[in-house]
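First the structure, in the form of structure tokens, and then the observations on it.
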Amino acid sequence: MSTQNPAPLWQPTPQRAAEARITRFQAWAAEHHGAPADGGYPALHRWSVEELETFWKAVTEWFDVRFSTPYTRVLGDRSMPGATWFPGATLNYAEHALRAAAERPDEPALLHVDESQEPRPVTWAELARQVGSLAAELRALGVRPGDRISGYLPNVPQAVVALLATAAVGGVWTSCAPDFGARSVLDRFQQVEPVVLFAVDGYRYGGKEHDRRETVAELRRELPTVRAVVHIPLLGTDAPEGALEWSALTSADTAPVFEQVPFDHPLWVLYSSGTTGLPKAIVQSQGGILVEHLKQLGLHCDLGPQDRFFWYTSTGWMMWNFLVSGLLTGTTVVLYDGSPGFPDTGAQWRIAERTGATFFGTSAAYVMACRKAGVHPSRDHDLSRVGCVATTGSPLPPDGFRWLHDEVREDLWIASVSGGTDVCSCFAGAVPTLPVHIGELQAAGLGTDLQSWDPSGDPLIDEVGELVVTNPMPSMPVRFWNDPDGSRYHDSYFATYPGVWRHGDWITITSRGSVVIHGRSDSTLNRQGVRMGSADIYEAVERLPEIKESLVIGVELPDGGYWMPLFVHLAPGADLDEALVDKVRRTIREQLSPRHVPDEIIEVPGIPHTLTGKRIEVPVKRLLQGVPIEKAVNPGSLDDIGLLAFYEELARKRA
């Protein structure tokens, strides 16, 4: 990794940097809290991790967080795991999410778009009214603070109303997207024992209607703790017997009443991808999410009342929760319910245009699919309002940066961000005042002491190491559900380096403070001591037009050997002949490293993914090491379990 300073792909104009909220925050924090007035973002970041308590106190003051009872100190205990934030304080997340209703009642809080692509607004006043009505009905149903409320819902306004009403009464929200099958929903919801289930009768995706009534009936049978089911008729069907109608629960003209709960009171449960065993049920707090998301959305993403915030996501992914938190900054949130590529690959750009999105978030995979399909966003759409395109889900390859710069516009802030469900936020990514370099995330986030460590726990600069966070973040889990002694939580992040969060990604922190993500460290390719992330291989191989998608696995063998196959899913009409095999090998040898040329290149009928679209490397690795399928993978977490038969058969033959 070279440490010289290549020219950035983009940098903010002096005017844009001066107007960014983070610049104003720094000047204010310098005046009131001793933050450095000079030195720009690097100085602010250093102060934010060295003076952690002062920084988070400043965040709560800058964003006017309303504590109904005051805190005794910012950080009661800073040990990890087990940090306690703002002890003594009480507040309510939903109260902060609906603050704009008093100031701008008639402006849109939500813009809802489906595959017809006609945006439909929900005003702040209407959103607050529905939340008030539903919260009162939940209380009437006997919902008490701490009770779990579940949603089997697509990305529609009703899901936002249900989440906010749950938070308003102090309940704990949890959701799955309706493309999840019954088994994988039950693997999640059965763990947390919900008392209410919000469910749709079906959804529309890719131009087709998908009826989910049988799945909902199965969920009702298998969730004995559910006392009330609320029917949301997206396909227009009648409520099943014993279910309540959404419209009846949300029709009253009731101002919301916000339960004041302790800072660390659970807000929601998110689930890890659960590729092995049951998904981890990750509990995050009302206060922790509130302050982390205010920082992330209000400072890093530079969002405010004039913005329109669109991120392509489903309710089964943490990015949906993050998107809803856009409301905290008074931003209009764009909810798109439909296929990311319907009626054609350019669909998301069309939605950004039609909703006037100023900040558009998507997946790195979508950007690369657009590049491959020859989409021309700015030629075909008016994207003049889009100030930032952000990507996550996997590292954005250098070609993705170049394509966005060339095809959207030269003056485009490109924010590749990386974090995780585990913190429902970003460790590194968007900073509106810093330059963007190709293939790099701009910097670590404020208050996040992000480091790259070698195996003995020494920090590295300009070298690949483990992503660690050495101080607590408010949105780190307060616990896992059903983990009474905390051992599962501890083993997930703190077993490698005691007292330090190890996330499981390989990263490089450059000498200028930017960050490069190389892929998951638990599926890292380690050839003769030279480590490489799988993302680097995918980027090189999938540039070839013949390769639709690929999966590379490094398998440590019982005899001490190492087998590294590359599985390829070919584009229609392509053949894995000798010429293509040579081309793939040559590409990896020349662009990456001769050591990481695969031992075999094997054609497969498809690459298996989690339900949130991540390639599953570790379970395939386990299958290839001879672990039986029922122990290697949780079938409910995959998009197509049938694809694993191929890898299972291959393992059997090799054995």
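The values are calculated or read from the model by the stated rules, or taken from the named source; none is laboratory data. Because the structure is a prediction, the values reported are computed rather than measured. For neighbour counting, all protein chains shown are included, and Cβ atoms are generated from backbone atoms with ideal geometry for every residue, glycine included.
Give me a count of the residues in the range 243-261 that are surrounded by fewer than 16 Cβ atoms within 10 Å (Cβ to Cβ), touching a residue at least 60 places away in the same chain (Cβ under 8 Å) and part of a strand (DSSP E or B).
0
Can you name the residue in the range 424-465 that is among the β-branched types (Val, Ile, Thr) and part of a strand (DSSP E or B) and, of all such residues, is surrounded by the most Cβ atoms within 10 Å (Cβ to Cβ)?
Step one: list which residues in the range 424-465 are among the β-branched types (Val, Ile, Thr), which gives 431, 433, 436, 438, 448, 461, 464.
Filter once more, so that each one left must be part of a strand (DSSP E or B): 436, 464.
Values: Val436: 24, Val464: 20.
So the residue we want is Val436.
Of all the strands (runs of 3 or more DSSP E) wholly in the range 518-615, which have at least 2 residues that are outside the structural domain of Tyr493 (by TED's automatic domain parsing), touching a residue at least 12 places away in the same chain (Cβ under 8 Å) and within 28 Å of the chain's Cα centre (by Cα)?
Numbers: elements: 525-527, 530-532, 547-552, 565-570, 600-603.
Where strands (runs of 3 or more DSSP E) fall fully within the range 518-615 and carry at least 2 residues being outside the structural domain of Tyr493 (by TED's automatic domain parsing), touching a residue at least 12 places away in the same chain (Cβ under 8 Å) and within 28 Å of the chain's Cα centre (by Cα), they are 525-527, 530-532, 547-552, 565-570.
Which pairs do you get when a residue that is closer than 27 Å to Lys295 by Cα, found in the range 448-467, comes within reach of a residue that is small (Gly, Ala, Ser) and in a loop (DSSP other than H, G, I, E, B), reach meaning Cβ atoms under 6 angstrom, with the pair 6+ apart or on two chains?
Ile461/Ser511
Is it fair to say Gln130 is more than 18 Å from Val261 (Cα to Cα) and either in contact with a Pro (Cβ under 9 Å, 6 or more places away or on another chain) or not in a helix (DSSP H, G or I) (or both)?
In short, yes.
Pro87 versus (1) outside any helix (DSSP H, G or I); (2) surrounded by 20 or more Cβ atoms within 10 Å (Cβ to Cβ): which is the lone unmet condition?
(2)
Can we say Ala20 is surrounded by 15 or more Cβ atoms within 10 Å (Cβ to Cβ) and within 29 Å of Ile461 (Cβ to Cβ)? Write out each step before concluding.
On the way: surrounded by 15 or more Cβ atoms within 10 Å (Cβ to Cβ): yes; within 29 Å of Ile461 (Cβ to Cβ): yes.
Answer is yes for this residue.
Among the residues of the range 413-425, write down those that are out of contact with any helix residue (DSSP H, G or I) (no Cβ under 6 Å at 6 or more places or on another chain) and not polar (S, T, N, Q). Walk me through how you get there before you give the answer.
Kept after step one, since they are out of contact with any helix residue (DSSP H, G or I) (no Cβ under 6 Å at 6 or more places or on another chain), are these residues of the range 413-425: 413, 415-420, 422-423.
Answer for the range 413-425, where residues must be out of contact with any helix residue (DSSP H, G or I) (no Cβ under 6 Å at 6 or more places or on another chain) and not polar (S, T, N, Q): Trp413, Ala415, Val417, Gly419, Gly420, Asp422, Val423.
Any chance you could count how many residues in the range 301-352 are of a type in the set (S, T, N, Q) and either touching a residue at least 60 places away in the same chain (Cβ under 8 Å) or in contact with a His (Cβ under 8 Å, 6 or more places away or on another chain) (or both)? Please lay out each step first, then the result.
So the first thing to find is which residues in the range 301-352 are of a type in the set (S, T, N, Q), and the list is 306, 313-315, 321, 325, 329, 331-332, 339, 345, 348.
Among the residues that remain, those that are also either touching a residue at least 60 places away in the same chain (Cβ under 8 Å) or in contact with a His (Cβ under 8 Å, 6 or more places away or on another chain) (or both) are: 313-315, 321, 325, 332, 339.
The total comes to 7.
Output the residue which, of all residues in the range 402-414 that are touching a residue at least 60 places away in the same chain (Cβ under 8 Å) and outside any loop (DSSP other than H, G, I, E, B), is surrounded by the most Cβ atoms within 10 Å (Cβ to Cβ).
Ile414
To keep it simple, each residue is scored yes or no on (1) among the small types (Gly, Ala, Ser); (2) modelled with pLDDT of 95 or more; (3) in contact with a strand residue (DSSP E or B) (Cβ under 9 Å, 6 or more places away or on another chain).
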site	(1), (2), (3)
Tyr205	no, no, no
Arg212	no, yes, yes
Val216	no, yes, yes
Val230	no, yes, yes
Ala243	yes, yes, yes
Pro256	no, yes, no
Asp264	no, yes, yes
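Just for the range 379-401: of the residues that are surrounded by 19 or more Cβ atoms within 10 Å (Cβ to Cβ) and hydroxyl-bearing (Ser, Thr, Tyr), which one is nearest to Gly356 (Cα to Cα)?
My answer is Thr391.
Does Val367 satisfy being of a type in the set (A, V, I, L, M, F, W, C), modelled with pLDDT under 95 and either over 19 Å from Asn155 (Cα atoms) or over 21 Å from the mean Cα position of the chain (by Cα) (or both)? Don't jump to the end; show me each part of the working.
Working: of a type in the set (A, V, I, L, M, F, W, C): yes; modelled with pLDDT under 95: yes; either over 19 Å from Asn155 (Cα atoms) or over 21 Å from the mean Cα position of the chain (by Cα) (or both): yes.
For Val367, the condition - of a type in the set (A, V, I, L, M, F, W, C), modelled with pLDDT under 95 and either over 19 Å from Asn155 (Cα atoms) or over 21 Å from the mean Cα position of the chain (by Cα) (or both) - is met.
Within the group Leu134, Leu141, Leu75, which residue is more than 29 Å from Glu245 (Cβ to Cβ) and in contact (Cβ under 8 Å) with a residue 24 or more places away in the chain?
Details: Leu134 fails: more than 29 Å from Glu245 (Cβ to Cβ); Leu141 fails: more than 29 Å from Glu245 (Cβ to Cβ).
Within the list Leu134, Leu141, Leu75, the selection yields Leu75.
When the range 177-211 is examined, which residues are found to be under 18 Å from Ile641 (Cβ atoms), of a type in the set (A, V, I, L, M) and in a loop (DSSP other than H, G, I, E, B)?
Filtering the range 177-211 for residues under 18 Å from Ile641 (Cβ atoms) gives 177, 179-188.
Subsequent filtering for residues that are of a type in the set (A, V, I, L, M) retains 177, 182, 185-186.
Answer for the range 177-211, where residues must be under 18 Å from Ile641 (Cβ atoms), of a type in the set (A, V, I, L, M) and in a loop (DSSP other than H, G, I, E, B): just Ala177.
List pairs: first residue in the range 28-45 and of a type in the set (Ser, Thr, Tyr), second residue at pLDDT 95 or above and surrounded by 14 or more Cβ atoms within 10 Å (Cβ to Cβ) anywhere in the structure, Cβ distance under 6 angstrom, at least six positions apart or on different chains.
Going by the 6 Å Cβ cut-off, the qualifying pairs are Tyr41/Val431; Tyr41/Thr433; Tyr41/Leu434.
Given the condition part of a strand (DSSP E or B), crowded, with 20+ Cβ neighbours inside 10 Å and either hydrophobic (A, V, I, L, M, F, W, C) or in the same structural domain as Leu111 (by TED's automatic domain parsing) (or both), answer yes or no: does some residue in the range 153-172 qualify? Spell out how you get there, then give the answer.
Initially, the range 153-172 is screened for residues part of a strand (DSSP E or B), giving 172.
Still in the list and also crowded, with 20+ Cβ neighbours inside 10 Å: 172.
Cutting the leftovers down to either hydrophobic (A, V, I, L, M, F, W, C) or in the same structural domain as Leu111 (by TED's automatic domain parsing) (or both) gives us 172.
Looking for residues that are part of a strand (DSSP E or B), crowded, with 20+ Cβ neighbours inside 10 Å and either hydrophobic (A, V, I, L, M, F, W, C) or in the same structural domain as Leu111 (by TED's automatic domain parsing) (or both), one finds at least one in the range 153-172, hence yes.
Rundown of residues vs (1) surrounded by fewer than 21 Cβ atoms within 10 Å (Cβ to Cβ); (2) under 20 Å from His569 (Cβ atoms); (3) β-branched (Val, Ile, Thr), yes/no style:
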site: Arg595; (1), (2), (3): yes, no, no
site: Pro598; (1), (2), (3): no, yes, no
site: Ile602; (1), (2), (3): yes, yes, yes
site: Ile607; (1), (2), (3): yes, yes, yes
site: Gly613; (1), (2), (3): yes, yes, no
site: Pro619; (1), (2), (3): no, yes, no
site: Leu623; (1), (2), (3): no, yes, no
site: Lys631; (1), (2), (3): yes, no, no
site: Ser637; (1), (2), (3): no, yes, no
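Write out, first by first residue and then by second, each pair whose Cβ atoms fall under 7 Å of each other, whose residues are 6+ apart or on separate chains, and whose first residue, in the range 13-27, is free of Cβ contacts under 8 Å to residues at least 24 places away in the same chain while the second is not in a helix (DSSP H, G or I).
Sorted first by the residue in the range 13-27, then by its partner, the pairs are Gln26/Ala35; Ala27/Ala37.
Exactly one of these conditions fails for Arg183: (1) without any contact (Cβ under 8 Å) to a residue 60 or more places away in the chain; (2) surrounded by fewer than 24 Cβ atoms within 10 Å (Cβ to Cβ). Give me its number.
Single failed check for Arg183: (1).
Counting only residues that are closer than 17 Å to Val627 by Cα and aliphatic (A, V, I, L, M), which one in the range 540-563 is surrounded by the fewest Cβ atoms within 10 Å (Cβ to Cβ)?
First, pick out the residues of the range 540-563 that are closer than 17 Å to Val627 by Cα: 553-559, 562-563.
Applying the additional criterion that residues be aliphatic (A, V, I, L, M) yields 553, 555, 557.
Numbers: Ile553: 22, Val555: 19, Leu557: 11.
Top of the filtered list is Leu557.
Any residue in the range 219-239 that is not assigned by TED's automatic domain parsing to the domain that holds Gly202 sitting within a Cβ distance under 6 Å of a residue that is assigned to a loop (DSSP other than H, G, I, E, B)? List the pairs, counting only those 6 or more apart or interchain.
Every condition considered, no pair remains.
For the range 535-554, give me each residue that is within 21 Å of Ile507 (Cα to Cα) and of a type outside the set (D, E, K, R). Explain how you work it out, then say what you get.
Restricting attention to the range 535-554, the residues satisfying the condition of being within 21 Å of Ile507 (Cα to Cα) are 535-541, 551-554.
Matches in the range 535-554: Ala535, Ile537, Tyr538, Ala540, Val541, Leu551, Val552, Ile553, Gly554.
Quick test of your reading of the structure: Asp582 fulfils all but one of (1) farther than 18 Å from Ala535 by Cβ; (2) modelled with pLDDT under 95; (3) out of contact with any strand residue (DSSP E or B) (no Cβ under 6 Å at 6 or more places or on another chain); (4) among the acidic types (Asp, Glu). Name the failing condition by number.
(2)
Against the definition (more than 22 Å from Val515 (Cα to Cα), in contact (Cβ under 8 Å) with a residue 12 or more places away in the chain, in the same structural domain as Leu267 (by TED's automatic domain parsing) and among the charged types (D, E, K, R)), how does Glu53 come out, yes or no? Spell out the reasoning first.
On the way: more than 22 Å from Val515 (Cα to Cα): yes; in contact (Cβ under 8 Å) with a residue 12 or more places away in the chain: yes; in the same structural domain as Leu267 (by TED's automatic domain parsing): no; among the charged types (D, E, K, R): yes.
No.
I'd like the residue in the range 151-198 that is small (Gly, Ala, Ser) and out of contact with any helix residue (DSSP H, G or I) (no Cβ under 6 Å at 6 or more places or on another chain) and, out of all such residues, is modelled with the lowest pLDDT.
The extreme case among them is Gly181.
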